[in-house]
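Colleague: Okay, handing you the structure first.
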Amino acid sequence: MASDSNMDREMILADFQACTGIDNIAEAITLLELNNWDLVAAINGVIPQENGILQSNFSSEASQTGPYGPHSQSETTAHTPSVPPSLASASASSSSSSPSPSSSSPAFCPVQPSGHIIERQSRMLSFRVEYRQRSIEVVLEDASTVGDIKTILETELQVPVSKMQLKGWKSGDVPDSTVLQSLHLPKNNSLYVLTPDIAPLASTSQSSAQPGSSEQNYLLVISHREAQRDYSLNFPASKTIQEVKRNISDLTNIPVRHQQWDGWPATASDDSITLAASGISYPCHHLTVCRRSSPALTVDQTDECTDVHMVSDSDGDDFEDAPEFGVDESEILAMGSSSCRKSPMMPENSENEGDALLHFTAEFSRRYGDFDPVFYIGSLEAACQEAFYGKARDRKLLAIYLHNDDSILSNLFCSKMMCAGSMMSYLSQNFITWAWDVTKEANKARLLTMCTRHFGSVVAQTIRTYKTDQFPLLLIVMGKRTSNEVLNVISANTTVDPMVTLTGAMEIFSAQQQEDIKDEDEREAREMVKREQDEAYRLSLEADRKKREAQEREEAEQVRQERIRKEQEEEREAIRLSLEQTLPPEPEEEGGEPISKLRIRTPSGEFLERRFLGSCKLQVLFDFVASKGYPSDEFKLLTTFPRRNITQLDPAWSLVEAKLFPQETLFLEAKE
């Protein structure tokens, strides 16, 4: 049961990719899981319903009127995603003919209202195979096998299948019997061939077969001159030349009637004959195709496309009537053939987006004059930054112009609309206009990658749904808080006046911009109040810091002064003790020597009394007073009457000489 469920999901995944054109397996599985593997719901969720991509009723609708004239039924269904028809494979039916590219039948998987798949069209897979110095492009249905690729490479490379190792598969080496569909491959793939230590050998697998056998396949190597690209296609011998040309129309977007061929043999005079009867080389034949030149062109102008073998007059359902666009047939053909003589709008695989845009702007001016729109020169990311992420008052809408030289409407769209004065003025005032050329597949793939990164996969998928004849496109993108949103897509065959669409987008943008400006003003006001509060708080902190520092300095000064005072006190105490120890002993009264009794009153009112020998020097008296804490440099010693300053006398005098004998009362007084 689990195996059956896995098989069902593989079929749903394949059908979903065929209908939507999503080549990324992971992206497709994610979208299906979001819709619980409901195929119809997943397709409706991916493909915009307003473009009429998936409906339950596929009946023909009445013709619509476009900006350049009435539109046929094939144009009204131009929004449908294209699934290329089968080119060729060994197991393809020889009796079925590929549908016309411009047929009015829908080019997607028809779905009944009940959700059951009526028919599944095969996906075409492209493989670029590298072998030594060669690069070969192989296009096959996903119903083909790995062995079918090797068979084609055997014919082209002259290397036997048994000696060939095909590398580059994401899942590792795969056997030749593996069906490509089971590998869940994207549309474009890169592989390489290894042939270890052997020389290329001629293929013998088909050497015994007779050319022209209806059971054999022909390898047609077809060079597309304008695109400078080669296609290696495998066709059954029963295929007609007409069917080959229809399939090439799907690959190159050149209608059968406009195709010019070089390389068909003279026996291939009728498109209805088969390849087996056409006389082409077996098993490989080289051809060249380009778009037919206009009959009005001169001989010099058609030099590049003069190798014309024949032009098919198909049933006419792959040609769009010129009068429906309001121009004559010669003008349409001249526009369609312009790719034979025009230089490309944008170089392929340009590494720098800015350089590519400079080339695009120069070529646009050369084609349509100097009054072209002013395109933003820079990357798409820089354009989004310029448009969406400045001040709310300075923001603009982003207009993405997508050009395609293969579209028959490119010249009309550019000359009549993009270069119109009103359109140019409106775009320059209200939009940042960025451009890209999707004519080359590599440039288109790069654009889809950029759109997916900046706008999401839905936008990239929307671009995929537009056919070549709907280009050029003008995408109107508005920046939002969480994501960027595509408001409108203006296609070349739109039935609505582009200025109406642009004006409507501007109304939506203006309303959003006013809200953003209001929010920004309120936010700035809040930030201003916060900045003022922060500044006041900072000033308060600064004042507190200064006050704290002043207090700390004062405390430090007090500590320093206290330390100095203590040091001075300690010094005085040391001096006092030293003087006290050096004083002579106090003499006895009965010693026989003359003795002087001195009584000294201190500033505090206390009295110091001591006996001295009459022969003692005044210095001994001074030392005694200092030993009691009254040094002579701070205090003066005075007599009572008559008042004399003893400290001014010569310290060498004796007490008798100083008249302090036999007794005297003195007092200490602090010096001023």
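The values are calculated or read from the model by the stated rules, or taken from the named source; none is laboratory data. This structure is a prediction, so every number in the text was calculated from the model and none was measured. Don't worry about glycine lacking a Cβ; one is built from the backbone with ideal geometry, like all the others, and counts go over all protein chains shown. Accessible surface areas use protein heavy atoms only, side chains included; no ligands, DNA or RNA. Shrake-Rupley method; radii C 1.70, N 1.55, O 1.52, S 1.80 Å.
Colleague: Given the structure, is Thr501 assigned to a helix (DSSP H, G or I) and touching a strand residue (DSSP E or B) at 6+ places or on another chain (Cβ under 6 Å)?
Modeller: So Thr501 passes the test.
Colleague: I would also like to ask the following. Which one of the conditions (1) free of Cβ contacts under 8 Å to residues at least 24 places away in the same chain; (2) open to solvent by less than 20 Å² (accessible area, probe 1.4 Å) does Leu448 fail to meet, given that it meets all the rest?
Modeller: (2)
Colleague: Which one of these does Ile490 not meet: (1) in contact with an Asp or Glu (Cβ under 7 Å, 6 or more places away or on another chain); (2) assigned to a strand (DSSP E or B)?
Modeller: Result: Ile490 fails condition (1) only.
Colleague: Would you mind finding the one in Ser654, Ser632 that is buried (at least 16 other Cβ atoms within 10 Å of the Cβ) and closer than 21 Å to Gln581 by Cβ?
Modeller: Checking each option against the conditions leaves just Ser632.
Colleague: Looking at Ala511, is it of a type in the set (A, V, I, L, M) and farther than 26 Å from Glu381 by Cβ?
Modeller: yes
Colleague: Residue by residue through the stretch 18-36, note down the ones that are of a type in the set (S, T, N, Q) and over 17 Å from Gln181 (Cα atoms).
Modeller: Thr30, Asn35, Asn36 - these are the residues of the stretch 18-36 that are of a type in the set (S, T, N, Q) and over 17 Å from Gln181 (Cα atoms).
Colleague: Scan Leu475, Leu487 and give me the residue that is surrounded by 10 or more Cβ atoms within 10 Å (Cβ to Cβ), touching a Leu at 6+ places or on another chain (Cβ under 9 Å) and either charged (D, E, K, R) or under 29 Å from Ser249 (Cβ atoms) (or both).
Modeller: From the options Leu475, Leu487, the qualifying one is Leu475.
Colleague: May I pose another question? Quickly run through the stretch 405-458 and pick out the residues that are assigned to a helix (DSSP H, G or I) and in contact with a His (Cβ under 8 Å, 6 or more places away or on another chain).
Modeller: Matches in the stretch 405-458: Ser410, Cys414.
Colleague: A further question on this structure: For the stretch 129-143, which residues satisfy the criterion of being under 14 Å from Leu191 (Cβ atoms) and not basic (Lys, Arg)?
Modeller: Matches in the stretch 129-143: Val129, Glu130, Tyr131, Ser135, Ile136, Glu137, Val138, Val139, Leu140.
Colleague: Also, I was wondering about something else. Pairs please, first residue from the stretch 264-281 and within 13 Å of Tyr218 (Cβ to Cβ), second anywhere and among the small types (Gly, Ala, Ser) and open to solvent by 70 Å² or more (accessible area, probe 1.4 Å), Cβ atoms under 7 Å, 6+ apart in sequence or on different chains.
Modeller: Cβ pairs passing all conditions: Ala276/Ser214.
Colleague: Further question: For the subset of the stretch 578-599 comprising residues that are among the charged types (D, E, K, R) and in a loop (DSSP other than H, G, I, E, B), which member is modelled with the highest pLDDT?
Modeller: Among those that are among the charged types (D, E, K, R) and in a loop (DSSP other than H, G, I, E, B), it is Glu586.
Colleague: Tell me, which residue of the stretch 563-616 that is open to solvent by 80 Å² or more (accessible area, probe 1.4 Å) and touching a residue at least 60 places away in the same chain (Cβ under 8 Å) is farthest from the chain's Cα centre (by Cα)?
Modeller: Here the residue is Lys597.
Colleague: I've got another one for you. What's the number of the only condition in (1) open to solvent by less than 10 Å² (accessible area, probe 1.4 Å); (2) closer than 26 Å to Lys440 by Cβ; (3) outside any loop (DSSP other than H, G, I, E, B) that Tyr218 fails to meet?
Modeller: (2)
Colleague: Anything in the stretch 276-293 that is open to solvent by less than 20 Å² (accessible area, probe 1.4 Å) and in a helix (DSSP H, G or I)? List them, or say none.
Modeller: Once the filter is applied, which keeps residues that are open to solvent by less than 20 Å² (accessible area, probe 1.4 Å) and in a helix (DSSP H, G or I), the stretch 276-293 yields only Ser278.
Colleague: Only residues in the stretch 180-191 that are in contact (Cβ under 8 Å) with a residue 40 or more places away in the chain and basic (Lys, Arg) count as the first member; pair them with residues that are outside any strand (DSSP E or B) and open to solvent by less than 50 Å² (accessible area, probe 1.4 Å), Cβ under 6 angstrom, at least 6 apart or cross-chain, and list the lot.
Modeller: Close Cβ pairs (under 6 Å, with a partner that is outside any strand (DSSP E or B) and open to solvent by less than 50 Å² (accessible area, probe 1.4 Å)) amount to Lys187/Asp23.
Colleague: Moving to a separate point now. What about Thr495, is it in contact with a strand residue (DSSP E or B) (Cβ under 8 Å, 6 or more places away or on another chain), of a type in the set (S, T, N, Q), in contact (Cβ under 8 Å) with a residue 40 or more places away in the chain and assigned to a loop (DSSP other than H, G, I, E, B)?
Modeller: yes
Colleague: Specify the residue that is surrounded by the fewest Cβ atoms within 10 Å (Cβ to Cβ); the eligible residues are those in the stretch 457-471 that are of a type in the set (A, V, I, L, M, F, W, C) and under 25 Å from Ser249 (Cβ atoms).
Modeller: Ile463
Colleague: How many residues are surrounded by fewer than 20 Cβ atoms within 10 Å (Cβ to Cβ) and under 15 Å from Leu125 (Cβ atoms) if we restrict to the stretch 147-170?
Modeller: 4
Colleague: Please indicate, with yes or no, whether at least one residue in the stretch 502-516 is among the polar types (S, T, N, Q), within 25 Å of Met345 (Cβ to Cβ) and open to solvent by 30 Å² or more (accessible area, probe 1.4 Å).
Modeller: no
Colleague: Let me ask something else about it. Consider the stretch 230-275. How many of its residues are open to solvent by 30 Å² or more (accessible area, probe 1.4 Å) and aromatic (Phe, Trp, Tyr)?
Modeller: The number of residues fulfilling the criteria is 0.
Colleague: Restricting attention to the stretch 494-551, report how many residues are farther than 28 Å from Ser425 by Cβ and among the aromatic types (Phe, Trp, Tyr).
Modeller: Adding up the residues that qualify gives 1.
Colleague: Looking at the stretch 621-628, is at least one residue open to solvent by less than 40 Å² (accessible area, probe 1.4 Å) and touching a Phe, Trp or Tyr at 6+ places or on another chain (Cβ under 6 Å)?
Modeller: The answer is no; no qualifying residue exists.
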